[in-house]
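Note sheet for the following structure.
The values are calculated or read from the model by the stated rules, or taken from the named source; none is laboratory data. It should be emphasised that the depicted structure is a prediction, and the values quoted were computed from it without experimental measurement. Because the Cβ atoms are built from the backbone with ideal geometry, glycine has one as well, and the counts that use them run over all protein chains shown.
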Amino acid sequence: MNPDEQLYDEQVVRPYVISRGRTEARANLDLISLAVAIRQPTGLEVGLDPEHLAIVRLCRRPLSVAEIAAALDLPAGTVRVLLGDLLDSGFVAVQDPQPEVDVLDERMYRAVLDGLRAL
Amino acid sequence: MASVPSDKVRMPTPVKLLIAGGFGVGKTTMVGAVSEIKPLRTEEVLTDRSVGVDDLSGVERKTTTTVAMDFGRISVGDDYVLYLFGTPGQERFWFVWDELARGALGAVVLADTRRLSDCFPSVDYFERRGTPFVVAVNCFEGAPVYDLAEVKMALSLPADIPVLLCDARRRASGKEVLITLVQHAYSRRPVAKV
Ligand SMILES: Nc1nc2c(ncn2[C@@H]2O[C@H](COP(=O)(O)OP(=O)(O)OP(=O)(O)O)[C@@H](O)[C@H]2O)c(=O)[nH]1
Ligand SMILES: [Mg+2]
């Protein structure tokens, strides 16, 4: 069997359904953009899927798109779409603007080196 | 529960490092050795047969390969969080690379002395992009041992690119490689315009 067909079946169709056919994430999110829950759902909200709720639950502390995707076993693209919804409905805050590490910031190098030395 | 205005939420700045190199060179192993979380991955399992083009001679038996990326996290204080991404080993999946490389502080290129040329594409890629990188030679048992000068010559690397030996399975070794990388990135950082 063509492995691409398999990929198509299992990894593309389901996420596509979860994101209701949307592939365009509105939020400007990178794999390492962090999201954090700022409001807990009551369970009565209209338009929140189980995946949305799962994301809000996970993001009690800041988590990257990559971590959310891995934890929920969803492609990063789907997580971006869902985070866009949650951003609109005010359940999560997302790092803003697009995080680009400041390569001129001496403090950043020092913090990273100290953190690595403490490993 | 009271809602928190989003501009009041303090979040660390993520810093991204990449672990690259050829098929089966130890990328996933190194991410796992240094990460504080179990390495996470989005994985599409390919069999040797569907992979086809990979030459497995002299390499530990391996029946699957990782298509997407695996990653780990290292907390570095309150203000920053370090994310490590292992890149896909096969060139045909390099479309994932551009997204991974965007905004990366630097990259480790892992090399295996039995198949040194496998790391050329990674070296070329980071050179072209201007991403700071170091080459770490993963010491597999039974692999020929060369001294670093020989490896450096064989790779025809510019003199200022650090090359070091490592054992991808050991945290202390991965830590040393990452420290060398960040120091190198620091020494290569663009000079602020005045
Ligand atoms: N002896 C020895 N074995 C190693 C070392 N590093 C990795 N291995 C083994 O080599 C094999 C491949 O390692 P991986 O970490 O999966 O390599 P990878 O680069 O992630 O592979 P792909 O993602 O498929 O390209 C595994 O069986 C590892 O256990 C090492 O330093 N020494
Ligand atoms: Mg791997």
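Just for segment B:153-165: of the residues that are in contact with a Ser or Thr (Cβ under 9 Å, 6 or more places away or on another chain) and either within 14 Å of chain A (Cβ to nearest Cβ) or under 16 Å from B:Thr131 (Cα atoms) (or both), which one is nearest to ligand 1 (Cβ to nearest atom)? Result: B:Pro162.
In segment B:8-25, of all residues being more than 11 Å from chain A (Cβ to nearest Cβ) and closer than 13 Å to B:Phe71 by Cα, the one that is nearest to ligand 2 (Cβ to nearest atom) corresponds to B:Ile19. Of all the residues in segment B:143-194, those that are more than 22 Å from A:Ala118 (Cβ to Cβ) and touching a Cys at 6+ places or on another chain (Cβ under 8 Å) number 3. The residues of segment B:26-40 that are in a loop (DSSP other than H, G, I, E, B) and either modelled with pLDDT of 90 or more or away from ligand 2 (no atom under 13 Å from the Cβ) (or both), listed by number, are B:Gly26, B:Ser35, B:Glu36, B:Ile37, B:Lys38.
All of A:Arg60, A:Arg26 fail the test of being of a type in the set (Lys, Arg) and either modelled with pLDDT of 85 or more or under 11 Å from the mean Cα position of the chain (by Cα) (or both), apart from A:Arg60. Residue count for segment A:72-93 under the criterion of being within 18 Å of A:Leu48 (Cβ to Cβ) and within 8 Å of another protein chain (Cβ to nearest Cβ): the result is 2.
Condition check ((1) at pLDDT 90 or above; (2) within 12 Å of chain A (Cβ to nearest Cβ); (3) within 11 Å of ligand 1 (Cβ to nearest atom); (4) at positive phi) across all residues:
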{"residue": "B:Tyr83", "(1), (2), (3), (4)": "yes, yes, no, no"}
{"residue": "B:Gly89", "(1), (2), (3), (4)": "no, no, yes, no"}
{"residue": "B:Trp94", "(1), (2), (3), (4)": "no, no, no, no"}
{"residue": "B:Leu100", "(1), (2), (3), (4)": "no, yes, no, no"}
{"residue": "B:Leu105", "(1), (2), (3), (4)": "yes, yes, no, no"}
{"residue": "B:Phe120", "(1), (2), (3), (4)": "yes, no, no, no"}
{"residue": "B:Arg128", "(1), (2), (3), (4)": "yes, no, no, no"}
{"residue": "B:Thr131", "(1), (2), (3), (4)": "yes, yes, no, no"}
{"residue": "B:Val135", "(1), (2), (3), (4)": "yes, no, no, no"}
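Taken over segment B:148-194, the criterion of being basic (Lys, Arg), under 18 Å from B:Arg73 (Cα atoms) and not in a helix (DSSP H, G or I) is satisfied by B:Arg169, B:Arg170. Out of all the residues in segment B:7-23, is one or more more than 11 Å from ligand 1 (Cβ to nearest atom), at pLDDT below 70 and either over 30 Å from A:Thr42 (Cβ atoms) or within 20 Å of the chain's Cα centre (by Cα) (or both)? Checking segment B:7-23: not a single residue is more than 11 Å from ligand 1 (Cβ to nearest atom), at pLDDT below 70 and either over 30 Å from A:Thr42 (Cβ atoms) or within 20 Å of the chain's Cα centre (by Cα) (or both).
Of the residues making up segment B:107-153, just one is under 17 Å from the mean Cα position of the chain (by Cα), of a type in the set (Val, Ile, Thr) and farther than 19 Å from B:Thr28 by Cα, namely B:Thr131.
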